[in-house]
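J.: Structure in structure tokens, see below.
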Amino acid sequence: MDPVRQDEFDSEACGSIAPKAKPCPRPKPGEAAGGCSFDGAQITLLPIMDAAHLVHGPIACAGNSWESRGTLSSGPSLSQYGFATDLTDSDIIFGGEKKLKESIDYIAGRFAPPAIFVYSTCVTALTGEDMDAVCKTAAERIGIPVIPVNSPGFVGSKNLGNRLAGDALLQYVIGTGEPEPGTPLGVNLIGEYNIAGEMWDIEKLMNSAGISVTSRITGDARYKEITWAHRAKVNMVVCSRALLGLAREMESRYGIPYFEGSFYGAKETTYSLRQMAYLMNDREMERRVDRLTEREEARLSQDLRPYRKLLKGKRAVLYTGGVKSWSVISALKELGVQVVGVGTNKSTEDDVRRIADRVGDDTEYIPEGGASRILKTVKERKADIMIAGGRNMYVAMKEQIPFIDINQERHKAYAGYEGVLRLAKELTYSLANPVWKLAASPAPWDREGPAYER
Amino acid sequence: MSKDELNIKDNTSLFKEERYVQQRENKKQFEAPCSEQETAEALAYSKSAEYMEKNFNRQNVVINPHKACQPLGSVMAALGFEKTLPFVHGSQGCNAYFRSHLSRHFKEPTPSVSTSMTEDAAVFGGMNNLIDGLENSVALYKPEMVAICTTCMAEVIGDDLNSFIGNARIKGVISEEYPVAYCNTPSFVGSHITGYDAMIKGIISYLYTRSGIESKPGSGAESGEKLNVLLGFEPYTGNFAEMRKILGAFDTQYTLLGDHSGNYDSPATGEYEYYYGGTKLEDVPQAANALGTLSLQKYTLKKTQEYISGTWNQQITALSTPLGIKGTDKLLEAVSELTGLPVPASLSEERGRVVDALMDSHPYLHGKRVALVGDPDLLIGLIGFCLETGMEPVHIICSNGDVDYNEVKFKDEAEALLASSPYGSEAAVHVGKDLWHMRSLLLNDSVDLAIGSSHLKFAAKDAEVPLVRIGFPIFDRHHMHRYPIIGYQGTLNLLSLIVNTILQQLDDNNSGFNFELVR
Ligand code: SF4
């Protein structure tokens, strides 16, 4: 299969309302841009923790990236291994298929994974290797699924890569297995990657309301549980941008209803849990959810009190993508923090609409990346804090701006009710740290006035 | 709010709760189709000599690589020059990786852009991307020079940088004079160190050629008094400072060719700039007239050295990373020889102090078995340091060690160095191997200490060997790169890092009888 072209996706409807803007905008040459489709595909699939993930290409793609993402596992760690075919110039000339074949055999023989995902990269896509065929014959030979992921970097952005990975799941994984008899069937969580263990907080909540998770797609997932994802009763799409297409396809193939939701902020969390129960069509469950969310919200608002006092009226610039761009706004609003600037370059039309629903008129939209653009907003809008991803963190430090990491490198879990508390705590710590005062005040000998007064 | 009033459990403590332990047990049924016993057997097998042999016969797959690709090194090299924007010709992902990778190591922003090639560039070539990219980036980031390197994608489709840059000038996107240096750095050849070399050579040869200056090395008078110094792919900003200190003590004039320490160690002033420090562009062509060149990473800087000794016709002294007393001695001798200046008394005194420190610690170091992973020049330095302190290098892995300088291969030099001391008698040097090989080595023939980058932490943990983080990348510790590891001061830093790790281990493993206050 040729890598799917971006415009094939562009013409495809996304969600219930077809997005008007191109879903995956092309990066502009000469600007600092984010990750590639290969990166995006890995984001989606690496959290399948017991599978092996083999990168077929030169050392660049794997050597620069293995094990640098905070997606946590409660058990197996095979997914943490950096497997690569490490193509060299002679492989480029004579073809790397043999190397790929032998790599697959080696991994199967040594690590006995339930499945192997094989990723194409710019180079192997360009040299026109028939990766699909190699994977197919390998799967027959070794008796476990070997799944080609055709998402080389040059087809586009990270988001497109997420979707291509979703495609691979649809084509090769979902529907190929059946749950053990007696497995309670419930909800698939789609597009939740268990960064900093967020998935576990969510699962804990769902369990308290008696809702079971059928398949995690893919935070802390096991390969097998995704094979029976088609037996779930409801799909919840947590990251709308990336895997909405997957949910839509599952609806049409298997009749599983889906909804988009988030777990950032108490309101969003409550909404998501209610929606699950509602779509499960189970009155008793709905009542349980109501009781649970009421109790949790009440407790949260109690616990939040001291933080609210400190955070009220604080101004933040939020620079992140996809679902977080609007759902984190909800969480911040609950804490009394005003969002005065928000990044929209990775947001869909839907996301932007949701942002607009949540912020006031004097919020600035930041459509394009680049550190200077974000900094300008922070300054002009007199923001107190910047909430963004790791690549912008050190820029914020240079400018002495309090900062919170919200993207995949973060080490704090912000989902669910407890997540709101953690967020409140992190915000307060970041804002209140004495280092800002230290940084802002000149050395004693540079201060005005006589020495004894300084 | 100054103290934590909440009791929110993180997942380390949360998962110790009974119900999660239970849950984890339940999950096992679909993790792998084998019993606990089988798992234990497989794990034991993976530690066996039999498996090690298989592992070492592995040809076609790399598991847990310990090298990055060429363009990553080029980006670092470009940041060593004043107001220079690294520009990566390829698809966007590579550049995003380089920026995160370098930023995670240095904890500083990395300004670097890419041509963001997409599938039409793959079909029709990347010229338009390059021209648009040049126009956009020069307008946005206002660099004084752009330094372009390729990635594998651009190389596979065969883009011709030189003619593309020429076309950008013809189109008026950049002026005729605007400096644009470039180099070719496919990721399927070499590693980050060869890419570093390619860009340094690309920049200095470009600036030299366009200046019209003719090299008259060592000709004295106005421009010929300086010494050129190259540090190479240098993950320690502290090493730049240490080198300046040493050269300052000699009271010699010098030019550091490629100094990215400014970019990766800038002060918090409240204002972010894209470019900090770096070698002045006008100093580069002048460097052709220097007294001579001192290179501190001879395997890394192979092509650059060839260029300097060839085209500039300059005397060159090429060392490996000067670690330890002997390594630093060699460095000082080289400076002394190239400049004709005596070694300053202050450095002799410092040497004495550090030798004293080594003596203080030697009982804890003697006979300690060590595993080493790193780039070739770093490894030569580390091996030397281990041997002079009585530590015994046992396993040495150099993934990108397939390089030679003046026809001496890294492996041969390392082995000769090891053979020169009884403490090196047990060592084996493996080039082209990865960290999964190292895991086998650590599990089969255990050591007291592992030295390497953060990536080594997985193997070290499996083998329950403490890890001292030295090299690149170090993601999971803060500020290591700010402390020099070269020179006598660097030797002292290395020593305290290592000896204190050993002492900590002594304490940790001691329940009672030998738990002492004084060590
Ligand atoms: S852009 Fe291509 S070569 Fe670069 S990291 Fe992504 S897949 Fe690999």
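J.: Restricting attention to the range B:60-84, and to residues there that are within 17 Å of A:TYR81 (Cα to Cα) and in contact with an Asp or Glu (Cβ under 9 Å, 6 or more places away or on another chain), which single residue is surrounded by the fewest Cβ atoms within 10 Å (Cβ to Cβ)?
T.: B:ASN60
J.: Now for a different question. Scan the helices (runs of 4 or more DSSP H) fully inside the range A:97-147 and keep the ones with 2 or more residues being touching a residue at least 12 places away in the same chain (Cβ under 8 Å), away from the ligand (no atom under 16 Å from the Cβ) and surrounded by 22 or more Cβ atoms within 10 Å (Cβ to Cβ).
T.: A:97-111, A:131-142
J.: How many residues, within the range A:24-68, are of a type outside the set (A, V, I, L, M, F, W, C), at pLDDT 90 or above and more than 14 Å from the ligand (Cβ to nearest atom)?
T.: Going through the range A:24-68 one residue at a time, the tally reaches 3.
J.: If a residue must be among the β-branched types (Val, Ile, Thr) and within 18 Å of A:GLY35 (Cα to Cα), how many such residues does the range A:380-422 contain?
T.: Total satisfying the criteria: 1.
J.: Identify all residues within the range A:57-82 that are under 22 Å from the mean Cα position of the chain (by Cα) and among the hydrophobic types (A, V, I, L, M, F, W, C); write none if there are none.
T.: A:CYS61, A:ALA62, A:TRP66, A:LEU72, A:LEU78
J.: Return only the number of the condition from (1) over 31 Å from the mean Cα position of the chain (by Cα); (2) under 21 Å from B:SER187 (Cβ atoms) that B:ALA168 does not satisfy.
T.: Tallying (1) over 31 Å from the mean Cα position of the chain (by Cα); (2) under 21 Å from B:SER187 (Cβ atoms), B:ALA168 fails exactly one: (2).
J.: For the range B:43-107, please list each of the helices (runs of 4 or more DSSP H) lying entirely inside it that holds at least 2 residues being away from the ligand (no atom under 12 Å from the Cβ) and farther than 30 Å from A:LYS98 by Cα.
T.: Correct list: B:70-78, B:92-106.
J.: Only strands (runs of 3 or more DSSP E) wholly contained in the range B:357-434 count here; list those with 3 or more residues that are in contact with a helix residue (DSSP H, G or I) (Cβ under 9 Å, 6 or more places away or on another chain) and at pLDDT below 95.
T.: Of the strands (runs of 3 or more DSSP E) lying wholly inside the range B:357-434, none has at least 3 residues that are in contact with a helix residue (DSSP H, G or I) (Cβ under 9 Å, 6 or more places away or on another chain) and at pLDDT below 95.
J.: For A:GLU368, state whether it is touching a residue at least 60 places away in the same chain (Cβ under 8 Å) and either away from chain B (no Cβ under 12 Å) or within 23 Å of the chain's Cα centre (by Cα) (or both).
T.: Against the criterion (touching a residue at least 60 places away in the same chain (Cβ under 8 Å) and either away from chain B (no Cβ under 12 Å) or within 23 Å of the chain's Cα centre (by Cα) (or both)), A:GLU368 qualifies.
J.: Buried (at least 17 other Cβ atoms within 10 Å of the Cβ), in contact with a Leu (Cβ under 9 Å, 6 or more places away or on another chain) and within 8 Å of chain B (Cβ to nearest Cβ): does that describe A:PHE154?
T.: When the stated conditions are applied, A:PHE154 passes them.
J.: Something else: Residues that are within 14 Å of chain B (Cβ to nearest Cβ), of a type in the set (Ser, Thr, Tyr) and closer than 22 Å to A:ALA413 by Cβ: does the range A:307-317 have at least one?
T.: yes
J.: Output the number of the condition that A:THR71 fails; it satisfies all remaining conditions of (1) modelled with pLDDT of 85 or more; (2) touching a Gly at 6+ places or on another chain (Cβ under 9 Å); (3) more than 13 Å from the ligand (Cβ to nearest atom).
T.: Going through (1) modelled with pLDDT of 85 or more; (2) touching a Gly at 6+ places or on another chain (Cβ under 9 Å); (3) more than 13 Å from the ligand (Cβ to nearest atom) one by one, A:THR71 breaks only (1).
J.: Going by what's in this entry, would B:THR339 be described as within 27 Å of the chain's Cα centre (by Cα), crowded, with 19+ Cβ neighbours inside 10 Å and polar (S, T, N, Q)?
T.: no
J.: Let me ask something additional. Of all residues being assigned to a helix (DSSP H, G or I) and open to solvent by 30 Å² or more (accessible area, probe 1.4 Å) in the range B:460-492, which is nearest to B:ASP507 (Cα to Cα)? Just the residue, please.
T.: B:LYS461
J.: Mind checking which pairs have a first residue in the range A:51-71 that is part of a strand (DSSP E or B) and a second that is open to solvent by 10 Å² or more (accessible area, probe 1.4 Å) and within 8 Å of the ligand (Cβ to nearest atom), Cβ under 8 Å, 6 or more apart or different chains?
T.: Here the result reads A:VAL55/A:CYS61, each pair linking the range A:51-71 to a residue that is open to solvent by 10 Å² or more (accessible area, probe 1.4 Å) and within 8 Å of the ligand (Cβ to nearest atom).
J.: Same structure again: Checking the structure you have, find out if any residue of the range A:172-184 is modelled with pLDDT under 90 and in contact with a Ser or Thr (Cβ under 6 Å, 6 or more places away or on another chain).
T.: yes
J.: Okay, moving on. Restricting attention to helices (runs of 4 or more DSSP H) lying wholly within the range B:116-222, give those where 1 or more residues are away from every other protein chain (no Cβ under 14 Å).
T.: B:161-170, B:192-211
J.: Please specify each residue of the range A:371-390 satisfying the condition of being at the interface with chain B (Cβ under 9 Å from one of its Cβ atoms) and either in contact (Cβ under 8 Å) with a residue 60 or more places away in the chain or under 13 Å from A:ALA316 (Cα atoms) (or both).
T.: Result: A:ALA371, A:LEU375.
J.: A further question on this structure: For residues that are more than 25 Å from A:GLY219 (Cβ to Cβ), in contact with a helix residue (DSSP H, G or I) (Cβ under 7 Å, 6 or more places away or on another chain) and more than 7 Å from chain B (Cβ to nearest Cβ), tally how many sit in the range A:109-129.
T.: Residues meeting the conditions: 2.
J.: Within the bounds of the range B:434-448, is there any residue that is touching a residue at least 60 places away in the same chain (Cβ under 8 Å), acidic (Asp, Glu) and surrounded by 23 or more Cβ atoms within 10 Å (Cβ to Cβ)?
T.: yes
J.: Name the one entry in A:GLY210, A:GLY197 that is more than 14 Å from chain B (Cβ to nearest Cβ) and of a type outside the set (Asp, Glu).
T.: The match here is A:GLY210.
J.: Enumerate the strands (runs of 3 or more DSSP E) found wholly within the range A:347-432, keeping only those where 2 or more residues are open to solvent by less than 40 Å² (accessible area, probe 1.4 Å) and not aliphatic (A, V, I, L, M).
T.: A:403-405
J.: Anything in the range B:121-133 that is within 15 Å of the ligand (Cβ to nearest atom) and open to solvent by 10 Å² or more (accessible area, probe 1.4 Å)? List them, or say none.
T.: B:ALA122, B:ASN129
The values are calculated or read from the model by the stated rules, or taken from the named source; none is laboratory data. Note that this is a predicted model, so its numbers are computed, not measured. All Cβ positions, even for glycine, are placed from backbone atoms using ideal geometry, and neighbour counts span all protein chains on display. Side chains are part of the model used for accessible areas, which takes the heavy atoms of the whole protein and leaves out ligands, DNA and RNA. Shrake-Rupley method; radii C 1.70, N 1.55, O 1.52, S 1.80 Å.
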